[in-house]
Amino acid sequence: MATYLDTVDSDWFRQRLTGVMLCVCAAFVALIVRLVYLQAIEGEEYRRLSASNSIRLQSVDAPRGLVYDRNGKMIVDNRPSFDLKIIVKDAKPLDRTIRRLSGILDVAPEVLMNRLSQKKYQVAYKPIVLLSDIGRDKLAAVEVYKYELPGISVGISPRRHYIDKQSAAHLLGYLGEINADELKLPQYANCNVGDYIGKFGVEKSLEKWLRGTQGGRQVEVNATGQVVRVLKTVDALPGHNLFLTIDRDLQKKAETLMADHTGAIVVMDPRTGEILAMVSNPSFDQNAFITGMSHGEWNTLISNPNRPLENKAIQAEYPPASTYKFITAIAGLEEKIVTPDTEIQCPGYYKFGNRTYRCWKKYGHGKVNIHKALAESCDVYFYLLGQELGIERLAWYAKNFGLGSPTRIQLDQEDTGIVPNAAWKRKRFGTPWQQGETLSTAIGQGFNLTTPIQMAVAISSIANDGIRVQPKIVKSVKAVNGDVIQENSVVPTGSIPASEETLKIIKQGLWEVVNSPRGTAFASRIEHIEISGKTGTAQVFSRKTSDDEESEDVPMHLRPHAWFVAYGPSREPRIAVTIIVEHGEHGSDVAPIATELIRVFLDKDIKPETGNVGQDQSDHSALIKSPLNN
Amino acid sequence: MFDRRLVQCFDWSLLGLTLLISGVGLLTLYSAVTADTGTLQKTLFTRQLIWFGLGLGVMIFTFLLSFKLLEHWANFIYVGGIGLLLCVMLFGKYVGGSKRWLALGPISIQPSEIIKIVVILVLARYFSRLVTTRGFSLKELFTPFVLTMIPFILIVRQPDLGTALLVALIAGSMTLFVKIERRSIGYLILNAALAIPLVWFFFLKGYQKQRILTFLNPDRDPLGAGYHIIQSKIAIGSGMLTGKGYLKGTQNALSFLPEQHTDFIFSVFAEEWGLLGTIMVLLIYLMIITWGLNIAHRSRDPFGTIMSVGVTAMIFWQVFINIGMVMGLMPVVGVPLPFISYGGSSAITMMTGIGILMNVSMRRFLFE
C-alpha cells in the first residue's frame with residue numbers, strides 16, 4: 001500500500017522539474033545582470049581601457065641567493081644591471097625611435113633592428129630587451145631623452161657577480177640562459193624562456209635554494225607606454241643564501257700555490273667531510289658567462305688542452321699510483337698475509353711469470369717491513385702483497401674506501417673512477433683477468449682510476465680513525481631573514497675494514513713518509529707540525545717502454561702525474577689535503593704545496609671553535625714530544 | 001522496422017537550436033583563431049569543422065538506438081568509460097603539465113569529457129529503479145556516491161579540476177532532482193557544516209589554503225588568473241551594446257586574452273557582438289535547457305526523464321560556470337563553453353547529449 005502511494009508519477013516529476021526550472025532561471029538572470037553591468041553600465045570605461053591596451057603585466061626578477069664562505073665572507077653577490085627594453089606597439093613610429101635611440105647610445109641602428117627581428121614572433125605588448133647591462137652613463141642619457149623615446153624603458157634586474165674573479169670557479173659554477181630541453185624538466189616548471197639558471201657547480205646543484213620566485217606588477221600605462229599607475233604588486237621572493245664550507249682565504253692560498261700547475265687540490269676536514277678548499281687549475285672567469293663572451297673567447301676556453309671548464313677535483317680520473325698503497329697495506333694486514341714483523345727482500349725488481357716488474361728504486365730497498373714499505377714506497381713489497389691477496393680481495397678493500405663510486409658531494413657530473421676486478425674486465429674488454437694485472441693494481445697502476453675527491457675521502461677516513469664521511473660543500477642554507485632552512489650535519493658513509501691495530505700501523509707508516517729521513521716526503525716536512533701522508537707518481541703510459549729513458553728527455557705530456565695525500569696534525573688531524581699535478585713528475589715534488597696549506601690552516605686556526613684554549617695547546621705540545629705512540 | 005511515429009515525433013526544434021548555437025560557435029572560433037599570427041592556429045578551425053561533422057554523425061547514431069538499449073548497457077558502458085580513464089593514467093600524454101589525453105593515431109581524445117555522459121547513464125539507471133516520492137536515504141545513496149567518486153578521483157589526479165567538478169555537479173543535480181530524504185539531507189548539511197571548519201583548521205597546510213583562497217578569489221593572483229580575468233572583463237565590457245564588429249575584436253587580436261579559442265571564447269564573442277549578441281546567445285542556451293527539461297517532463301519513462309535531466313544539467317553547468325568565470329563571477333576553472341569552445345571531445349560529448357535528448361523526445365509515446 002505504502003509503496004503504491006510512494007510511486008512516482010508524471011505529476012511528481014513535473015513538480016520537481018518546476019523547481020529545477022526556477023533555479024535555472026535564477027542563474028540566467030544573474031548572468032544577464034552581470035552582462036548588462038559590464039557591457040552597458042561600465043562599457044564606456046572598458047572600451048577606454050581596451051583602446052589603449054593600458055593594463056599590462058611587468059615581471060620583477062627575484063634576486064638569487066648570495067653565497068658566503070664558512071666564516072661568513074661573501075663570495076657571490078648580485079649587482080644591478082640596467083636593461084634597455086622596447087615595447088614595439090608603443091614605440092611609434094618605430095623607425096624614428098630606433099634611429100633616435102641609436103644616436104643617443106652610439107650604437108648602430110642595425111644592431112638594434114637585428115635584435116628586434118630575432119623576436120618578431122613575440123607578443124606585441126611584451127617588452128623585448130634591446131640591450132642588456134648598458135651602464136650608468138647610457139642609462140642617464142636614456143632618462144634625459146625619455147620623452148622622445150616612446151615605448152622605451154629601462155628595467156633594473158639583478159645580475160650575478162662573482163667577487164673574486166676565477167676563484168673557486170669550478171666549485172661555484174656559473175649561470176646560463178635556460179634552454180629548450182631544460183624548460184621541459186619538472187624542476188624548472190616555474191622558469192620562462194630567457195631566465196638564467198645555474199649550469200655548473202653549486203649554482204646548478206643548489207639551484208632550488210638559490211633561485212627565488214619571480215614577482216610582478218599589474219600596471220596601467222598611457223599612450224606612450226609610460227606607467228601611470230601601479231594597480232597590483234606581487235613581491236619577488238629572493239632566493240636563499242648559501243653558507244659554504246670553504247674558507248675563502250685558504251681557497252685563495254691554494255689557488256696561488258697551484259697557479260703554475262695543471263691539476264687539482266681538495267682540502268677537507270676529515271672529521272666532518274667539510275671541503276675547506278677545492279681548486280681545479282686552469283680556471284676561468286665566471287663573470288664572462290654572465291656578461292656573455294665572444295666566439296673567440298669561448299673557443300679559447302674549449303680548445304685549451306688543459307680543459308679549464310672541467311672540475312678536475314671531481315671530474316678527472318687518474319691512476320692513484322702509490323697513494324693507493326695504504327689500501328693494499330690494510331688489506332694485507334687484515335687478511336693476515338703480513339704482520340708488522342714480516343720482512344721481505346727488495347732487489348729492485350720482481351719476476352712474475354716471464355715478466356719483470358720493477359721497483360721505482362733501481363737497486364732495491366733491501367730488507368723491507370710494512371713501515372718502510374709505506375715510508376719509502378717500495379713497489380716490490382706491494383707486488384708480493386697483491387699477488388697473495390688476489391684481485392677480488394684487493395678490489396673489495398678499495399671499494400670500502402669509497403673508490404669506484406661517486407662520493408655524492410653536492411656537485412653535478414661527478415665521475416666514479418674504476419676499481420678493476422675480473423668481472424669488470426670481462427664486461428669491459430671481454431677478456432679474462434691476468435695475474436700480472438693484480439700486481440699493477442696493487443701499486444695503484446693498471447686499470448685503477450680515481451678522482452681527487454675520492455682520494456681525499458680515502459685519506460680522510462684513515463685520519464678519522466676509520467670512519468668514512470660524505471664530503472660536503474654546503475654548511476647551511478639560510479633565508480634572507482636569517483631563518484635556517486637547512487643545516488648540514490656529518491653524514492657517515494661507512495667504516496673502513498681495518499682494526500684499530502691495523503690503523504695504528506698504517507698511521508705510523510704514513511707518519512714516516514714525511515718524518516723519517518728516508519721517507520719520500522721528508523723534504524716537505526714542517527718544523528712545528530707533524531704531518532702524515534703518502535706520495536704517488538702516476539705513470540701516464542707503461543713504465544716498461546720508458547725503462548731506460550731519463551726524465552729530462554721525456555716530453556712534458558708523457559711525464560707522470562704527481563700525487564700527494566696528507567693530513568695533519570698526525571694526531572687528531574683536523575685537515576686533510578689531496579693534491580694532484582698533471583705531469584708533475586714525482587709526488588715528492590708537489591708535497592710542499594700540501595704541507596704549506598696544512599701549516600697555513602693550522603697556524604691561523606688559533607681561536608678554538610668550542611673547546612677551551614688550554615686543552616688545545618696541551619695537545620699541541622704533547623704532539624711535539626711524542627708523535628704517535630699513545 | 002521503424003515506427004512511423006518516430007519520424008512524426010522527430011524533435012526539429014532541438015535540432016534547429018543545436019545547429020544555430022553551433023553556427024555561432026564556428027563563426028566565433030574563426031574569429032578567435034584568425035587573430036593569431038601562427039599558421040597552426042588556423043588549422044584549428046578546419047579541425048573543429050570536422051569534429052562538428054563527426055558530432056552530427058554520433059548524434060544521429062545516438063537517437064536511432066532506443067534509449068532502452070542505453071539503459072540495458074549502462075553498466076557495461078560505465079566499466080568501459082572507467083577503463084578509458086585508467087588508460088589515460090597509464091598511457092596518456094602530458095600536455096601543459098597534466099595528463100588528460102589519449103592518443104589514438106592522428107587524433108587525441110579526452111575521456112574525461114565522455115565520462116560525463118557515462119555517469120549520467122549509470123546514475124539514471126540506478127535512480128530510475130528505486131525512485132519514490134519519499135526520496136533516497138543515505139544508505140541508498142552509497143552506490144551512486146561510489147559510482148561518481150571513482151571517475152571524480154581519476155580526473156582530479158590528471159589533474160583536471162574543472163571537469164572533475166562538473167562530474168560532481170551533474171551527479172549532485174541528478175540526486176537532488178530524484179530527491180533526498182528530508183532527514184538525510186539535514187544530516188548531510190550538518191556534517192558538512194562540522195567537517196569544513198575542521199578540515200580547514202586542522203588538516204590543510206598553509207600553501208593548500210592559499211591555493212583554495214586564490215581559486216575562489218582570482219584577485220589574489222594578479223599576475224596569473226587575476227590578470228586574465230581583468231583582460232577578459234575588458235574584452236567583454238568594451239563590446240558595449242552592439243560590439244566592435246565581427247573580426248574586429250582588439251583584445252583578441254593582440255593576444256591579451258588567454259586560451260581565446262577554448263575557455264575564453266565567450267569574451268571574444270562578447271567583444272565583437274556586444275550586449276545584443278551575448279543576450280541572444282544566453283537566450284539560445286536557455287531555450288535549449290528549457291527544451292531539455294520539457295523533454296524530461298514529457299517522457300513517460302523514469303529512466304528517460306532522469307537521463308534527460310542529467311544531460312540538461314551538464315549543458316547548464318558548463319554554460320553557467322564558463323560564462324560566470326569569464327565575467328569574473330566564478331573561480332577560474334577550465335570548463336569549455338558547450339557548442340562554442342574549440343575541442344573535439346567536448347563537441348562529441350555535447351552532440352551525444354543532444355542525441356540522447358532527441359532519442360527520449362522521439363520515443364515519448366512508447367510507454368504511455
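The values are calculated or read from the model by the stated rules, or taken from the named source; none is laboratory data. Computed from a predicted structure; not experimentally measured. Here the Cβ is made from the backbone with ideal geometry for all residues, glycine too, and neighbour counts use every protein chain on show. When the accessible area is computed, the model is the full protein with side chains, heavy atoms only, and any ligands, DNA or RNA have been set aside. Shrake-Rupley method; radii C 1.70, N 1.55, O 1.52, S 1.80 Å.
Note every residue of the range B:321-339 with a reduction of at least 20 square angstrom in accessible area, all protein chains present versus the isolated chain, computed with a 1.4 Å probe, or write none.
B:Met327, B:Leu329
How much accessible surface area, in Å² rounded to 10, belongs to the heavy atoms of B:Leu198 with a 1.4 Å probe?
Surface open to solvent at B:Leu198 totals about 90 Å².
At 1.4 Å probe radius, can you tell me the per residue accessible area of the protein assembly as shown in Å²? Don't skip to the answer; put the middle values down first.
Working: 45380 Å² over 998 residues.
In whole numbers, the protein assembly as shown has 45 Å² accessible per residue.
The range B:123-184 to the range B:206-235: how many Å between their Cα centroids?
What the calculation gives is 30 Å, centre to centre.
Counting only protein heavy atoms and a 1.4 Å probe, tell me what percentage of chain A's accessible area is made up of carbon and sulfur.
Carbon with sulfur: 52 percent of the solvent-accessible area.
Within a 10 angstrom radius of each residue's Cβ in B:280-290, how many Cβ atoms of other chains show up on average? Whole number is fine.
Rounded to a whole number, the mean comes out at 2.
At a probe of 1.4 Å, how much accessible area disappears from chains A and B on forming the pair, both sides counted, to the nearest 100 Å²?
Answer for the A-B pair: about 4500 Å² buried.
Please report the spacing between the Cα centers of the range A:232-288 and the range B:331-368 in Å, no decimals.
Between the Cα centres of the range A:232-288 and the range B:331-368 lies a distance of 64 Å.
For A:Asp412, B:Asp219, what's the largest-to-smallest order of accessible area, 1.4 Å probe?
The ordering from most to least exposed comes out as B:Asp219, A:Asp412.
If you place +1 on the Cβ of every Lys and Arg, -1 on the Cβ of every Asp and Glu, and leave all else neutral, what size is the dipole of chain B about its Cα centre, to the nearest 20 Debye?
700 debye
Distance between Cα centroids, the range A:298-359 to the range A:171-203: provide it in whole Å.
Using only Cα atoms to place each centre, the spacing works out to 39 Å.
About the Cα centre of the range A:147-196, how large is the charge dipole given +1 on each Lys and Arg Cβ and -1 on each Asp and Glu Cβ? Please answer in debye to the nearest 20.
About 160 debye.
Just want the answer: with Cβ charges of +1 for Lys and Arg and -1 for Asp and Glu, which residue in B:Ser238, B:Leu276, B:Tyr342 is farthest toward the dipole's positive end in the protein assembly as shown?
After comparing all options, I get B:Leu276.
Using a 1.4 angstrom probe on the protein heavy atoms only, line up A:His240, A:His170 by accessible area, largest first.
The ranking, largest first, comes out as A:His240, A:His170.
Any residues in the range B:124-142 that have 50 Å² or more less accessible area with all protein chains than in their chain alone, probe 1.4 Å, and which are they?
When all protein chains are present, B:Thr133 each give up 50 Å² or more of accessible surface.
B:Arg47 versus B:Ile196, label points 7 Å from Cα toward the beta carbon: distance in nm?
3.9 nm
For the range B:58-215, what does the convex hull of the Cα positions come to per residue, in cubic angstrom?
146 Å³
Hey, got the average number of other protein chain Cβ atoms within 10 angstrom for residues in A:226-232? The partial results should precede the final answer.
On the way: counts 0, 0, 0, 0, 0, 4, 8.
Counting other chains' Cβ atoms within 10 Å and averaging over A:226-232 gives 2.
Past the 49 angstrom mark, what percentage of all C-alpha to C-alpha distances in the protein assembly as shown do you count?
The proportion of pairs with Cα distances above 49 Å equals 48 percent.
At 1.4 Å probe size, with no ligands or nucleic acids counted, give the accessible surface of B:Met89 in Å², nearest ten.
Counting only protein heavy atoms, the figure is 80 Å².
Just flag the trypsin sites (Lys or Arg not before Pro) in the range B:266-363 sitting in loop per DSSP whose Cβ has no more than 16 other Cβ atoms within 10 Å.
Counting only loop positions with at most 16 other Cβ atoms within 10 Å, the trypsin sites (Lys or Arg not before Pro) in the range B:266-363 are B:Arg300.
Quick one: putting +1 on the C-beta of Lys and Arg, -1 on the C-beta of Asp and Glu, what dipole do you get for the range A:56-244 around its Cα centre, in Debye to the nearest 20?
Rounded to the nearest 20 debye, it is 320 debye.
Probe radius 1.4 Å, ligands and nucleic acids ignored: give me the carbon and sulfur share of the accessible area of the range B:78-127 as a rounded percent.
Whole-percent figure for carbon plus sulfur exposure: 71.
Determine how large the accessible area of A:Ser303 is when every protein chain is in place; take a 1.4 Å probe and give Å² rounded to the nearest 10.
Its heavy atoms expose roughly 80 Å² to the probe.
In chain A, which helices (entire DSSP H runs) extend 30 Å or more along their own long axis, judged by Cα positions, while averaging at least -1.0 on the Kyte-Doolittle scale?
Long hydrophobic helices here: A:10-35.
Can you give the local net charge around A:Arg248? Use residues other than it whose beta-carbon is closer than 12 angstrom to its beta-carbon, Lys and Arg +1, Asp and Glu -1. Provide the component values of the computation, followed by the final result.
Working: positive: A:Arg70, A:Lys73, A:Lys252, A:Lys253; negative: A:Asp69, A:Asp164, A:Asp247, A:Asp249, A:Glu255.
Every neighbour counted, the sum reads -1.
Report the chymotrypsin sites (Phe, Trp or Tyr not before Pro) located in the range B:10-79 that are in a DSSP loop and have at most 16 other Cβ atoms inside 10 Å of their Cβ, or state none.
B:Phe10
Would you report the distance distribution of C-alpha pairs in the range A:22-120 as whole percents per 5 angstrom bin, up to the bin with the largest distance?
Result returned by the calculation: 2, 8, 10, 10, 9, 10, 9, 9, 9, 8, 6, 5, 3, 1, 0.
Which order do peptides B:223-232, B:345-354 fall in by mean Cβ count within 10 Å, highest first?
B:345-354, B:223-232
For the range A:56-244, what mean projected area does the convex hull of the alpha carbons give, in nm²?
11.9 nm²
Please identify every one of the trypsin sites (Lys or Arg not before Pro) in the range A:294-371 that sits in a loop by DSSP and has no more than 14 other beta carbons within 10 Å of its own beta carbon.
For trypsin sites (Lys or Arg not before Pro) across the range A:294-371 that sit outside H, G, I, E and B with at most 14 neighbouring Cβ atoms in 10 Å, the list reads A:Lys336, A:Lys362.
Modelling each spin label as a point 7 Å along the Cα-to-Cβ direction, I'd like the A:Ala423/A:Arg408 distance in nm, to one decimal.
2.0 nm
Taking every alpha carbon pair in the range B:21-367, what does the distance histogram look like in 20 angstrom bins from 0, in percent?
For the range B:21-367, the pair-distance distribution reads 28, 58, 14.
Could you rank B:Trp273, B:Trp101 by how accessible they are, 1.4 Å probe, largest area first?
Most to least solvent-accessible, the answer reads B:Trp273, B:Trp101.
Relative contact order for the range B:21-367: what is it in percent, counting Cα pairs under 8 Å that are at least 6 residues apart?
Relative contact order here is 28 percent.
Answer with one residue from A:His161, A:Ser322, A:Val29: the one whose Cα lies farthest towards the positive end of the charge dipole of chain A, charges on Cβ with Lys, Arg +1 and Asp, Glu -1.
Selected residue: A:Val29.
Over all residues in B:235-244, what is the mean tally of Cβ atoms on other chains that come within 10 Å of each residue's Cβ?
Across B:235-244, the average partner-chain Cβ count within 10 Å equals 6.
Compute the longest continuous run of chain A that contains no exposed chymotrypsin sites (Phe, Trp or Tyr not before Pro); treat a site as exposed when its DSSP state is not H, G, I, E or B and it has at most 11 other Cβ atoms within 10 Å.
My reading of the result: A:122-362 is the longest stretch.
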